[in-house]
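Have a look at the structure below before the remarks.
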Amino acid sequence: MGLFSKKPQYPELDAANPAAGQVDEIKEPLKNLMDQVSDPLEVIPADDSAYIYIGKPPKKFGLAMIEEGEVQSLVAVAQEKGLDQPTILKINEKLRDAYKNNEDAERYVTRLAGKDIVVTPSAEFGKEVREILSQL
């Protein structure tokens with residue numbers, strides 16, 4: 001293993017943390033997503049939804065949303081709304097910037113369906129992602 005291949009180590013998400021309850025509320029759609037992708041997941045729980053970075057942000061990633069118990073990918077939503085590739089790329093760049101802006105937010109790890117997922121309970125991060133997605 002090279003120096004840069006080391007995975008960051010985050011503290012365990014405590015059951016008393018409000019984010020643990022938010023993750024618990026979306027565990028079924030999250031498990032469904034985990035069945036569809038093998039890449040690492042980072043969940044940003046919000047009051048009425050959750051945003052999931054898939055892959056290795058900020059370099060290579062996808063984004064999914066869980067709203068009303070349903071998982072939707074950014075690409076599917078963008079295609080549904082008829083957005084062209086340059087517009088999708090601009091949105092992706094803004095999501096990359098949002099991730100970079102929140103790189104020092106507290107992160108935790110929790111286990112779901114036998115896999116570790118990263119949880120970033122940052123209201124500010126969630127708000128930034130929501131504002132970007134509202135442009136869809």
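The values are calculated or read from the model by the stated rules, or taken from the named source; none is laboratory data. Since the structure is predicted, the reported quantities are computational estimates derived from the model, not experimental observations. Please note: Cβ atoms are built from the backbone with ideal geometry, for glycine as well, and neighbour counts cover all protein chains shown. SASA here: full protein model, heavy atoms, side chains in, ligands and nucleic acids out. Shrake-Rupley method; radii C 1.70, N 1.55, O 1.52, S 1.80 Å.
Taking the criterion of being of a type in the set (Asp, Glu) and open to solvent by less than 50 Å² (accessible area, probe 1.4 Å), the only residue of segment 75-132 that qualifies is Glu128.
Quick one: in segment 42-74, which of the residues that are outside any strand (DSSP E or B) and in contact (Cβ under 8 Å) with a residue 40 or more places away in the chain is surrounded by the fewest Cβ atoms within 10 Å (Cβ to Cβ)?
Gly69
Among the residues of this structure, Ala15 does not count as one that is within 21 Å of Lys127 (Cα to Cα) and either out of contact with any Gly (no Cβ under 8 Å at 6 or more places or on another chain) or in contact (Cβ under 8 Å) with a residue 40 or more places away in the chain (or both). For segment 89-136, the set of residues classified as assigned to a loop (DSSP other than H, G, I, E, B) and touching a residue at least 40 places away in the same chain (Cβ under 8 Å) consists of Glu103, Arg107, Ala113, Thr120, Pro121, Ser122, Gln135, Leu136, listed by residue number. Filtering Pro86, Pro8, Pro29 for residues that are assigned to a loop (DSSP other than H, G, I, E, B) and either touching a residue at least 12 places away in the same chain (Cβ under 8 Å) or under 24 Å from Glu131 (Cβ atoms) (or both) leaves a single hit, Pro8. For segment 23-32, the set of residues classified as surrounded by 19 or more Cβ atoms within 10 Å (Cβ to Cβ) and out of contact with any Ser or Thr (no Cβ under 7 Å at 6 or more places or on another chain) consists of Ile26, Pro29, Leu30, listed by residue number.
May I ask you to list the residues in segment 58-87 that are within 17 Å of Lys27 (Cβ to Cβ), at pLDDT 95 or above and of a type in the set (Gly, Ala, Ser)? Ala64 - this is the single residue of segment 58-87 that is within 17 Å of Lys27 (Cβ to Cβ), at pLDDT 95 or above and of a type in the set (Gly, Ala, Ser).
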